[in-house]
Amino acid sequence: MSDPIETAILNKLAAIGPGKSIEPAEVAKELQPEQWQRMLPKVRAIALHLMRQGQLTITKKGKPVDPDNFRGVTRLRQPTEEETALALSRRPPVVDEGDDD
């Protein structure tokens, strides 16, 4: 976890605890207070990556979004066990590219 955006997102979620959410803009403002708008697309991209890994849930109006089809105002929260399992089931299988001989 060396990416500062990823670290900031996960630290903020850990600090507020389960069931509560944050706005992506909160993370952007923490990292770059003067130019947080420029940071926001990166925060959203990292959040989407973390959602696909089952590490957080992106919500809209309190409901989890489809990671492949959403837009608009969203929030970030810790995932439930079911949401983590769903995210991990959507991941493509790891292909061993080793020698078959």
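The values are calculated or read from the model by the stated rules, or taken from the named source; none is laboratory data. Predicted, not measured: the structure shown is a model, and the values here were computed from it. Glycine also receives a Cβ, built like all others from the backbone with ideal geometry; neighbour counts cover every protein chain displayed.
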Practice task
Go through the residues of segment 25-45 one by one and say whether even a single one is within 20 Å of T80 (Cβ to Cβ) and touching a strand residue (DSSP E or B) at 6+ places or on another chain (Cβ under 9 Å).
Solution key: no
Fill in the blank from the handout: Checked segment 60-88 for anything without any contact (Cβ under 8 Å) to a residue 40 or more places away in the chain and under 10 Å from the mean Cα position of the chain (by Cα); matches are P67, P79
Handout entry: Filtered residues of segment 68-78 (kept if buried (at least 16 other Cβ atoms within 10 Å of the Cβ) and modelled with pLDDT under 90)
Key = none
Problem - Residue satisfying all of: in segment 1-55; of a type in the set (D, E) and in contact (Cβ under 8 Å) with a residue 40 or more places away in the chain; farthest from D66 (Cα to Cα) among these - result: D3
Problem - Criterion: hydroxyl-bearing (S, T, Y) and modelled with pLDDT of 90 or more - qualifying residue of S89, S21, S2 - result: S21
Completion exercise
Inside segment 42-67, the number of residues satisfying the requirement of being part of a helix (DSSP H, G or I) and over 20 Å from Q32 (Cβ atoms) is 2
Practice task
Have a look at A28, A47 and point out the one that is surrounded by 18 or more Cβ atoms within 10 Å (Cβ to Cβ) and farther than 20 Å from P18 by Cα.
Solution key: A28
Practice task
Taking only segment 1-40 into account, find how many residues are within 17 Å of Q53 (Cβ to Cβ) and not in a helix (DSSP H, G or I).
Solution key: 3
